[in-house]
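Structure first, then comments.
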Amino acid sequence: MVRRRAWFSRPPGDPASVAGGKTSYMTNCAYGHGEDARGGENGGNNLLRSDYVMRDRRGEAIAPLLKSS
């Protein structure tokens, strides 16, 4: 039997931080990327399948974008 591993897994985040991130995403990003991050009607990329996001394991690439919004 071959076991498949997920791309990577992360421990659950702090609930307050997750809620704050969701609020920030819905305010600043959902218009373009869609409410579910699968790409929006307004031209935003699918973030779930984005190489940029998938390679950002510790948030070092996306953090500057989030901090500026």
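The values are calculated or read from the model by the stated rules, or taken from the named source; none is laboratory data. It should be emphasised that the depicted structure is a prediction, and the values quoted were computed from it without experimental measurement. Please note that ligands, DNA and RNA were not included when accessible areas were found on the heavy atoms of the full protein model with its side chains. Shrake-Rupley method; radii C 1.70, N 1.55, O 1.52, S 1.80 Å.
Just to be sure before I move on: is residue 39 of a type in the set (Gly, Ala, Ser) and open to solvent by less than 50 Å² (accessible area, probe 1.4 Å) in the structure I sent? The answer is yes for residue 39. Among the criteria (1) assigned to a loop (DSSP other than H, G, I, E, B); (2) open to solvent by 80 Å² or more (accessible area, probe 1.4 Å); (3) modelled with pLDDT of 85 or more, the one residue 13 does not fulfil is (2).
Against the test of being open to solvent by less than 100 Å² (accessible area, probe 1.4 Å), modelled with pLDDT under 90 and in a helix (DSSP H, G or I), the options 21, 59 yield a single qualifying residue, 21.
Name the residues in segment 24-36 that are open to solvent by 50 Å² or more (accessible area, probe 1.4 Å) and part of a helix (DSSP H, G or I), would you? Even if it seems obvious, please write down each step before you answer.
Here is the first cut: in segment 24-36, the residues open to solvent by 50 Å² or more (accessible area, probe 1.4 Å) are 26-28, 31, 35-36.
26, 27, 28, 31 - these are the residues of segment 24-36 that are open to solvent by 50 Å² or more (accessible area, probe 1.4 Å) and part of a helix (DSSP H, G or I).
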